[in-house]
Amino acid sequence: MPYKKTMPSENVLAVILMGVFAALLGILLLGVSAFLGRVKRNPEKLSVYECGVDPTGSARERFSLKFYLIAIFFLVFDIEIIFLYPWALIFRKNLERGGLILFEMMCFLAILVVGYLYIWKKGGLDWK
Amino acid sequence: MIGLTHYLMLSSILFSLGVLGVLLRRNLLIIFMSIELMLNSVNLAWVSIANFSNRLDGQIFVFFVITVAAAEAAVGLALIISIFRLKPTTHIDELNQLKG
Amino acid sequence: MDFIDFTILAIKIMVVMGALLNAVPILVWVERRGSAFIQDRLGPNRVGPMGLLQPVADVIKFIFKEDPIPCHVHRFLFPIAPLFSLIPASIIFAAIPFGDTLEIWGRTITLQIADIHIGILYVLAVGSLGIYGVLIAGWSSNNKYSILGALRSSSQMISYEIALGASLIGPLLVYGTFSLNEIVHLQAQSWGIFLQPLAFLIFFVSGFAESNRLPFDLPEGEAELVAGFHTEYGSMKFALFFMAEYIHIVTIAALNTTLFWGGWQLIPGMVSLANVLGISTYPHSVGLALLKVAAFTLKTTFFTLIFIWVRWTLPRFRYDQLMMLGWKILIPAAFINIGATAVLLYIGWL
Amino acid sequence: MALEVILFWICSVTSVVAALFVILHRNPILSALALLASLFAVAGLFITLQAPFLAAIQILIYAGAVMVLFIFVIMLLNLQKDPERFAPQGVPVTLRFALGLWVFIGLSIPILWTAFTWAMPPTPGAYSVSHLAELLFDQYLLPFELTSFLLLVAMVGGVVLAKKS
């Protein structure tokens with residue numbers, strides 16, 4: 001299939017153009033609706049939505065740390081996946097040079113599986 | 001033409017903005033963000049030198065710098081949270097007792 | 001990048017974005033009629049024949065309904081938040097090849113907006129930005145329900161994103177290239193599904209969780225959290241979130257067909273069949289190219305309908321079941337799939 | 001070529017302006033979003049420097065995971081606007097500003113002074129991602145294996161610190 005390999009900067013232009021198109025569309029719709037749908041302001045409508053009950057206390061008191069733990073694990077496993085990508089890319093090509101590449105990644109994954117089991121046992125993953 | 005000096009000047013501007021952020025601001029989180037900014041400008045310098053010297057080693061270092069920066073951010077923010085639990089403030093000047 | 005290339009690019013973007021935006025009202029109509037059919041009731045049939053004009057009525061309602069910005073809300077971030085989830089959802093489509101090359105007036109046009117050399121990584125990177133729409137909407141509306149809903153739905157999207165990323169490594173091992181265009185070319189003989197069935201399963205399930213669709217839409221569960229992160233959102237801003245969700249569904253369905261079901265390849269082994277029957281597989285004939293685009297759209301609509309069909313049949317997960325499935329079942333399964341594919345490739349079976 | 005120059009100037013201006021916003025803004029969430037914009041601009045610069053793989057990783061890890069962690073912490077500790085931008089007590093602000101400026105001058109003098117001459121001008125598209133991957137897995141194998149220990153430590157550290165309830 002002879003097709004012209006597009007240069008990275010042309011791809012960036014295409015992506016930026018598409019992003020601008022979507023953004024303009026969103027802003028256009030918001031603008032039209034803000035212009036056409038006149039807002040009749042009254043205090044009841046603009047207050048915090050609490051199923052009709054008056055809001056009590058500040059909206060943002062502290063939350064359980066569970067969300068924070070999940071974010072840390074997400075970050076660490078995301079980095080792990082980042083290392084898997086270049087490995088997966090050249091895995092098939094490097095198979096001729098013997099299984100060294102397979103062994104390298106298995107050590108990398110083994111250490112992280114130890115970490116995963118540690119988290120599992122320490123209860124980082126389960127949700128009360 | 002965009003030469004290497006353009007990129008290195010840009011990364012030095014970003015680096016000094018990060019240093020300014022660390023020095024001027026008293027909020028722990030903003031200091032942490034300016035450290036990420038400094039790391040980011042170092043990455044930019046690495047990649048531009050790698051590109052202009054036609055070698056890939058610079059890109060590998062950036063790969064590892066991003067990994068270390070992310071792991072450091074995770075543990076650093078865990079520290080900030082445990083400090084916040086002792087004393088509900090992220091204002092750096094109030095954290096001057098070693099006790100607790 | 002001369003002027004003609006630019007216009008071709010602009011036309012391609014217009015066509016794709018037009019198709020995406022028209023798909024949203026059609027999907028709304030299909031969802032309403034489909035759910036009615038499944039629950040054995042009629043569904044909208046007042047506006048126009050068989051309720052076909054119902055989506056048009058919705059759009060008009062959304063435009064004319066007043067859209068109050070409540071006073072306690074962050075003035076700058078509140079109206080911007082829907083764009084944060086609309087833009088990443090529609091940008092992913094730039095890398096998806098919806099057809100083979102087309103030859104008109106001596107110029108070969110690749111039916112793909114941007115043949116990005118790191119296709120799979122680009123899709124994952126932009127996909128991971130969808131979380132910001134949820135987070136900023138939840139934070140800026142300054143309301144207890146929306147903040148808790150935002151935290152819950154973004155931590156759900158986070159945990160299923162690892163499974164999504166890990167499941168994409170299986171096909172990458174087999175194909176050995178990031179570019180989605182080459183992946184579709186490699187699937188001429190046998191589609192990805194036959195080589196990587198487990199990866200398809202994990203990708204499909206975490207696709208549901210990424211787009212907050214049932215059975216994973218607990219944060220919008222009507223009973224507990226009122227409406228999750230978009231509690232304070234009025235007419236058009238809510239419609240934008242709604243549109244972003246539907247575009248996200250179509251994008252995940254399109255990714256599914258590109259990676260596992262042979263993108264625009266008509267049937268597996270199509271080339272050998274054509275040789276047997278003697279049909280000219282002249283690569284650039286317009287008829288064949290349009291047939292391939294039709295094959296791609298057919299498969300994508302099939303998977304989008306499955307999204308809608310699942311929504312009206314499966315009950316909703318409890319939150320701890322949802323997180324348990326994500327962390328304790330999908331992620332180990334994805335890593336087992338990676339190890340198994342690597343070992344099979346090493347032995348030489350795959 | 002004109003595209004590369006335009007892309008360079010757009011990305012560099014946005015990254016500097018966004019970096020300024022990170023420092024000057026009093027509301028932590030807005031400075032987090034400004035840092036996000038700066039990361040995107042630097043990712044764009046990576047693309048003009050023929051490192052698309054790094055641009056994707058920068059967006060995936062930095063913008064997609066680290067910044068989400070920051071916003072989670074900001075929402076978790078529900079931080080409000082800082083009372084004042086630069087706290088007056090401690091070392092006077094002008095001295096701190098001068099120190100920052102001194103760092104900038106110290107950095108930019110050698111850069112501007114040396115005329116960079118390279119044996120070969122950068123050949124566009126010389127290296128692809130698979131070159132990077134092959135280099136990673138044979139010459140830089142040791143750091144690669146050590147990063148798994150680093151990740152293990154980060155995981156264990158995060159759990160121990162955060163679960164001390």
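Read the figures in this text as sums done on the coordinates, not as results from a lab. From a predicted model like this one, the values you see are computed outputs, not experimental measurements. FYI the Cβ positions are ideal-geometry reconstructions off the backbone, even for glycines, and counts take in every protein chain you see.
Couplings 3J(HN,Hα) for segment A:95-112, derived from phi with the Karplus relation 6.51 cos²θ - 1.76 cosθ + 1.60 (θ = phi - 60°), are 5, 5, 7, x, x, 4, 5, 5, 5, 4, 5, 5, 5, 4, 5, 4, 4, 6 Hz, where x marks Gly and Pro. Rounded to 0.05, the FRET efficiency of the A:Arg97 and B:Arg55 pair, given R0 = 22 Å and the Cβ-Cβ distance, is 0.45.
Per residue of C:90-101, other chain Cβ atoms within 10 Å of the residue Cβ number 3 on average.
Extending 7 Å from the Cα toward the beta-carbon at both C:Leu290 and D:Leu141 defines two label points whose distance is 5.6 nm. Just checking the listed ones, C:Ile120, C:Ile60, C:Ile252: in the Gaussian network model of chain C with Cα springs under 10 Å, the one fluctuating most is C:Ile60. For segment C:25-37, the Karplus equation 6.51 cos²θ - 1.76 cosθ + 1.60, evaluated at θ = phi - 60°, returns couplings of x, 4, 5, 4, 5, 4, 5, 5, 5, x, 5, 4, 4 Hz by residue, with Gly and Pro reported as x.
Using a simple spin-label model with pseudo-atoms 7 Å out from Cα toward Cβ, A:Lys122 and D:Leu20 lie 4.3 nm apart. Taken as Cα centroids, segment A:9-26 and segment C:328-350 sit 37 Å apart, rounded to the nearest whole angstrom.
When the inverse distances between all different Cα atoms of segment D:1-80 are averaged and flipped, the Kirkwood radius reads 13.2 angstrom. Beyond 29 Å, the tail of the calculated P(r) for chain D holds 43 percent of the Cα pairs. Summary value for segment C:68-347: 27 percent relative contact order, contacts being C-alpha pairs under 8 angstrom separated by 6+ residues. Sorting the Cα pairs of the protein assembly as shown by distance into bins of 10 Å, from 0 upward, gives 3, 13, 24, 27, 20, 9, 3, 0, 0 percent per bin.
Measuring r between the beta carbons of C:Cys71 and A:Ile27 and using R0 = 22 Å, the FRET efficiency lands at 0.45. Phi-derived couplings, Karplus 6.51 cos²θ - 1.76 cosθ + 1.60 at θ = phi - 60°, listed residue by residue for segment A:70-79: 4, 5, 5, 4, 4, 4, 5, 6, 5, 5 Hz, with x used for Gly and Pro. The base-10 log of I(q)/I(0) for segment C:1-136, evaluated at q = 0.14, 0.15, 0.19 Å⁻¹, reads -0.96, -1.03, -1.15 [Debye formula, identical scatterers on Cα atoms, solvent excluded]. Amide H contacts under 5 Å for C:Thr101: C:Leu111, restricted to partners 5 or more places along the chain or on a different chain, H placed in the peptide plane at 1.01 Å from N.
Out of every Cα-Cα pair in segment C:102-144, what percent are more than 16 Å apart? Cα-Cα pairs in segment C:102-144 separated by more than 16 Å: 62 percent.
Working value for segment A:63-128: equivalent-ellipsoid semi-axes of 32, 13, 6 Å, each the square root of 5 times a Cα gyration tensor eigenvalue, largest first.
Per residue of peptide D:92-100, the mean number of Cβ atoms on other chains within 10 Å of the residue Cβ is 3. At what distance in angstrom do the alpha carbon centres of segment C:287-322 and segment C:148-167 lie from each other? First find each Cα centre; the distance between them is then 20 Å. Shape summary: segment C:68-347 maps onto an equivalent ellipsoid whose semi-axes, from the alpha-carbon gyration tensor, are 37, 22, 15 Å in decreasing order.
For segment B:1-68, the equivalent ellipsoid derived from the alpha-carbon gyration tensor has semi-axes of 25, 15, 5 Å in decreasing order. In chain C, helical runs assigned H by DSSP with n ≥ 4 each contribute -39500 (n - 2.57); averaged across all residues and rounded to the nearest 500, the mean residue ellipticity at 222 nm is -21000 deg cm²/dmol. For chain B, modelled as a GNM whose springs connect Cα atoms under 10 angstrom apart, the maximal fluctuation among B:Gly76, B:Gly21, B:Gly58 occurs at B:Gly76.
Between C:Asp5 and D:Val5, the FRET efficiency from the beta-carbon distance, with R0 = 30 Å, is close to 0.95.
Here the peptides C:197-207, C:88-98, C:5-15, A:108-118 are ranked by packing, the mean other Cβ count within 10 Å, and the order with the highest first is C:88-98, C:197-207, A:108-118, C:5-15. The sum of -39500 (n - 2.57) across all DSSP H runs of n ≥ 4, divided by the residue count of chain B, sets its helix-only mean residue ellipticity at 222 nm to -27000 deg cm²/dmol. Ranked by the mean number of other Cβ atoms within 10 Å of their residues, highest first, the peptides C:48-57, C:27-36 fall in the order C:27-36, C:48-57.
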